[in-house]
1. Looking at (1) surrounded by 15 or more Cβ atoms within 10 Å (Cβ to Cβ); (2) over 20 Å from the mean Cα position of the chain (by Cα); (3) part of a loop (DSSP other than H, G, I, E, B), find the lone condition where residue 109 falls short.
2. Within the stretch 184-193, does at least one residue satisfy the condition of being farther than 30 Å from residue 300 by Cα, surrounded by 15 or more Cβ atoms within 10 Å (Cβ to Cβ) and touching a residue at least 24 places away in the same chain (Cβ under 8 Å)?
3. Regarding the stretch 82-105, can at least one residue be identified that is at pLDDT 95 or above, over 24 Å from residue 26 (Cα atoms), in contact with a strand residue (DSSP E or B) (Cβ under 7 Å, 6 or more places away or on another chain) and assigned to a strand (DSSP E or B)?
4. Among the residues of the stretch 117-124, is there at least one that is surrounded by fewer than 14 Cβ atoms within 10 Å (Cβ to Cβ), in a helix (DSSP H, G or I), at pLDDT 95 or above and touching a helix residue (DSSP H, G or I) at 6+ places or on another chain (Cβ under 6 Å)?
5. Take the residues in the stretch 220-279 that are free of Cβ contacts under 8 Å to residues at least 24 places away in the same chain and part of a loop (DSSP other than H, G, I, E, B), then tell me which one is surrounded by the fewest Cβ atoms within 10 Å (Cβ to Cβ).
């Protein structure tokens, strides 16, 4: 059952000076993405601090996303937590607010063997009332083995997964053995992943460069592979830049360079060393945007 397809942004979350969600800026960012080709919205992911903010804020982001989507495009929300009841609560709130799908990564901190992890996902899938997507993000949570993914792909309510492992080898095995929809979570190889058979992407660059990430997908659909790879290559330098500072601050700097009020606040503590580095990085972010705009063009805010 295909619920989602195409290019989704892993939405960053802008904050006010008191660490509350900047609703106006969040909605502005979401609308900008949809106006520039995105196929839906994805809130409460890693880039949006989903595991660092409170439950009330996560529900708040669901509601804001639903308001912007206006029933025209689907909304998927992350529901991950080390607390099972919190995960189920978020899933229920997602249903109430009108979200279309859920994304869930393995719980961290308490170790689980493969059989226990399979049991966990089956339990959650049996309790939630929306289609569930697995989320493999081994840099932040336990890695999901091919055996685990393959077994869970047989569950009726587990309709797909987002793979942020960055391993093209693992991705090919998942596509070969699992009969469900796969989305890539690493923007570096979106073009190649589409040709391999993924249904779309959910990435930070989807929110920062919606016209480029959606352009990759549209060029693929049109079989304009030269244009597809031109778009793909254009954002590599931006990704490398974003990875030079603590995640997701690099992407916030790029958004700030595009005109959004997002890089001056963070839900996370930031060291003085990092703050100094960010000051020097702002000009570099602007230069990267200028190069990308020269290569493929960027929409004005």
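1. (1)
2. The initial filter retains those residues of the stretch 184-193 that are farther than 30 Å from residue 300 by Cα, namely none.
Scanning the stretch 184-193 turns up no residue that is farther than 30 Å from residue 300 by Cα, surrounded by 15 or more Cβ atoms within 10 Å (Cβ to Cβ) and touching a residue at least 24 places away in the same chain (Cβ under 8 Å).
3. No, the stretch 82-105 contains no residue that is at pLDDT 95 or above, over 24 Å from residue 26 (Cα atoms), in contact with a strand residue (DSSP E or B) (Cβ under 7 Å, 6 or more places away or on another chain) and assigned to a strand (DSSP E or B).
4. Going through the stretch 117-124, the residues surrounded by fewer than 14 Cβ atoms within 10 Å (Cβ to Cβ) turn out to be 119, 123.
Right, trim to in a helix (DSSP H, G or I) and you get 119, 123.
Cutting the leftovers down to at pLDDT 95 or above gives us 119, 123.
Within this subset, residues satisfying the condition of being touching a helix residue (DSSP H, G or I) at 6+ places or on another chain (Cβ under 6 Å) are none.
No.
5. Ranking the qualifying residues of the stretch 220-279, first place goes to 269.
A quick yes/no check of all residues on (1) more than 13 Å from the chain's Cα centre (by Cα); (2) within 25 Å of residue 216 (Cβ to Cβ); (3) modelled with pLDDT under 95:
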position: 3; (1), (2), (3): yes, yes, yes
position: 12; (1), (2), (3): no, yes, no
position: 22; (1), (2), (3): yes, no, no
position: 49; (1), (2), (3): no, no, yes
position: 59; (1), (2), (3): yes, no, no
position: 65; (1), (2), (3): yes, yes, no
position: 74; (1), (2), (3): yes, yes, no
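Let's see how each residue does on (1) crowded, with 21+ Cβ neighbours inside 10 Å; (2) in a loop (DSSP other than H, G, I, E, B):
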residue: 135; (1), (2): yes, no
residue: 144; (1), (2): yes, yes
residue: 161; (1), (2): yes, no
residue: 173; (1), (2): no, no
residue: 176; (1), (2): no, no
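The values are calculated or read from the model by the stated rules, or taken from the named source; none is laboratory data. Quick caveat: nothing in here was measured; it's all calculated off a predicted structure. Don't worry about glycine lacking a Cβ; one is built from the backbone with ideal geometry, like all the others, and counts go over all protein chains shown.
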